[in-house]
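**Q** Dumping the structure here so I can ask a few things about it.
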Amino acid sequence: MAKVCKEPGGVVNYPLHLLGIVMKGVVMDRKNVESQEGLDVEAIVGMVGMGEENNPDNAMESVEEKVVNIYSEIMSKYKRKPIRNVNKMMEILKTEYKLLVDKKLVTLVVAAFLAGRPVLFEGPPGTGKTEIGEAILTLWAGKPALVIPCSENYDEYRVIGDFHPLMAFKYGFNEKSFIPRPLLAALILDAGVLVDEIRRSNEEFQNMLLDIIDKRRIIVPELRKIFYAKGEGFQVIFTSNPEDYAQSELSDAFLRRVVRIPFNYPPPEVEIEIIRLRYDVDVELEPKILEGMVQVVNLLRQKAAYKPGPADTVLWSRIAGRLASLRGKQQVTVSEVVDAATIVLYKRVGEEEIVDEALEKVFGLHP
């Protein structure tokens, strides 16, 4: 383990888990660095902050200031007062986000937030969990929600913060070398966080998140600093697909501390309304065609391994509309619907026949 001077007379141990040294476009991971014969680390480190001694503005930037600077562009894209009224939230979700959300669901989320509990959206893919969650968090906080897509190797360094390797070599483990990540940024900015596909993470990571949410604070031992949430805008929504057997189970401890809201495929009449709301092509889509498309996806949800969600149905309608437009037609015909189905609904090798049978049964036309 390398040792570098933090300050006169002080020594800091540099942890080698900090990967990814980037210098002049060359990325070197731990193995590459260790394999470089005669690599002058001190010379490289000396290049970091070169000329800073002559910079009159060389004061140490706090973590809070870094967060504001890093995320200012994202936060500036949405400026609105926080919305905590259910009816107003539903109106904006429909008119601005083109999302048709059940009033009970919105009410439950708002109630959970007021009770200080994170929410778990659980259901099959394509049912709008991520999009609806991000929109509600944005409206609740009055600023854009930050999204954390989970994977099995996620840890606190990816979501709370880490230290820039070369800066840590030169200056030690302090706020100057610290790089804040989305979860810490959201807490500081009083913004919402959407943790996508939480089942893809390990139990240790899940428990770490819940401890932070419960106590509304993040401890960074290396900085000897505790960051506290300053308002009610910092809320968390998790998403999960319980039908994905490749993912891990959520622990009882996790489930006890979240409010679980199930998602499912909408009834046909609701799905038709969703498509109408999100169909953005200037080509007519007749009700009969639309009803047939919904019948097809419902047949596939019963028989196919890949079950199309409303997001797939919306995409199918849009591509069919654009095909009709490219062919110079004023309205979508069965021909466009079937052609579009072959690029939207053919998802798994060997299941094309199931899709073809559903199309022929409903529309009487085989691809």
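What follows is calculated from the coordinates using simple rules that are stated; it is not laboratory data. Values in this document were obtained by computation on a predicted structure and should not be read as measured data. Here Cβ is always computed from backbone atoms with ideal geometry, including for glycine, and neighbour counts include all displayed protein chains.
**Q** Suppose the chain between GLU269 and MET60 were pulled fully straight at 0.36 nm per residue; how much longer would it get relative to their current alpha carbon spacing? Each step should come with its number before you reach the end.
**A** Numbers: separation 209, 0.36 × 209 = 75.24 nm, distance 5.84 nm.
Taking GLU269 through MET60 to full extension adds about 69.4 nm, to one decimal.
**Q** Read phi for every residue in the stretch 335-342 and hand back ³J(HN,Hα) as whole Hz from Karplus 6.51 cos²θ - 1.76 cosθ + 1.60, θ = phi - 60°, with x for Gly and Pro.
**A** 4, 5, 4, 5, 4, 5, 4, 5
**Q** Students often forget the sequence filter, so: which aspartates and glutamates lie under 18 Å Cα-Cα from LYS103 once same-chain residues fewer than 8 apart are removed?
**A** Partners found: GLU91, GLU122, GLU131, GLU134, GLU269, GLU271, GLU273.
**Q** Follow-up. Distance in nm between label sites at LYS94 and ARG224, each 7 Å beyond Cα in the beta-carbon direction?
**A** Taking the simple label geometry, LYS94 and ARG224 are separated by 5.7 nm.
**Q** Here's another thing I want to ask about it. For Cα pairs less than 8 Å apart in space and 6+ apart in sequence, what is the mean separation divided by the residue count of the stretch 86-262, i.e. the relative contact order in percent?
**A** Details: 299 pairs, mean separation 53.2, N = 177.
About 30 percent, as a whole number.
**Q** What pairs from LYS129/LYS347; LYS170/LYS225; LYS143/LYS230; LYS94/LYS347; LYS66/LYS170 go past 23 Å between their alpha carbons?
**A** Flagged as over cut-off: LYS94/LYS347.
**Q** To continue, here is another question. Reported to two decimal places, what Rg/Rh ratio describes the stretch 156-248 when computed on Cα atoms with Rh from the Kirkwood expression?
**A** 1.03
**Q** Output wanted: per-residue J couplings in Hz (rounded whole) for the stretch 79-93, from phi through Karplus 6.51 cos²θ - 1.76 cosθ + 1.60, θ = phi - 60°, x for Gly and Pro.
**A** Values, residue by residue: 10, 7, 5, x, 10, 10, 8, 4, 5, 5, 4, 5, 4, 5, 4 Hz.
**Q** Taking only Cα atoms of the stretch 268-363, what ratio of Rg to Rh do you get with Rh as the Kirkwood inverse-distance radius? Intermediate results must be reported in sequence, preceding the final value.
**A** Values: Rg = 12.3 Å, Rh = 13.1 Å.
Rg/Rh for the stretch 268-363 comes to 0.94.
**Q** Quick query: amide H of LYS225 versus all other amide H atoms, modeled in the peptide plane; which residues come in under 5 Å with a sequence gap of 5 or more or a different chain?
**A** When sequence neighbours closer than 5 places are left aside, the close amide H contacts are VAL220.
**Q** For a quick check of your reading of the filter: which chymotrypsin sites (Phe, Trp or Tyr not before Pro) in the stretch 162-204 sit in a DSSP loop and have no more than 11 other Cβ atoms within 10 Å? Intermediate values should be presented prior to the final figure.
**A** Working: sites: PHE163, PHE169, TYR171, PHE173, PHE178; in loops: PHE173.
When the chymotrypsin sites (Phe, Trp or Tyr not before Pro) of the stretch 162-204 are filtered for loop state and at most 11 Cβ neighbours within 10 Å, nothing remains.
**Q** Continuing with the same structure: Run the numbers for GLN331 and THR107: contour at 0.36 nm per residue of separation, minus the present Cα-Cα distance, in nm. Walk me through the numbers on the way to the answer.
**A** On the way: separation 224, 0.36 × 224 = 80.64 nm, distance 3.87 nm.
Length gained, GLN331 through THR107: 76.8 nm.
**Q** List the residues, sorted by chain then number, that are 5 or more residues from GLY161 or on another chain and whose placed amide H is less than 5 Å from its amide H.
**A** Those qualifying (amide H under 5 Å, at least 5 residues apart or on another chain) are ARG181.
**Q** Sorting LYS129, LYS170, LYS98 on the 10 Å Cβ count, fewest up front, what's the list?
**A** Details: LYS129 25, LYS170 21, LYS98 15.
Least crowded to most crowded, the residues run LYS98, LYS170, LYS129.
**Q** When the label point is put 7 Å from the Cα of ARG260 along its Cα-to-beta-carbon vector, which residues of the stretch 116-148 have a backbone N closer than 14 Å?
**A** 119-124
**Q** Which ³J(HN,Hα) values, rounded to whole Hz and listed in residue order, are derived for the stretch 71-76 from phi using the Karplus coefficients 6.51, -1.76 and 1.60 in 6.51 cos²θ - 1.76 cosθ + 1.60 with θ = phi - 60°, glycine and proline given as x?
**A** These are the phi-based 3J(HN,Hα) values: 9, 4, 5, 5, 5, 6 Hz.
**Q** Further question on the same structure: Note down the nm distance, to one decimal, between modelled labels 7 Å out along Cα→Cβ at ARG348 and at ALA305.
**A** It is 0.5 nm.
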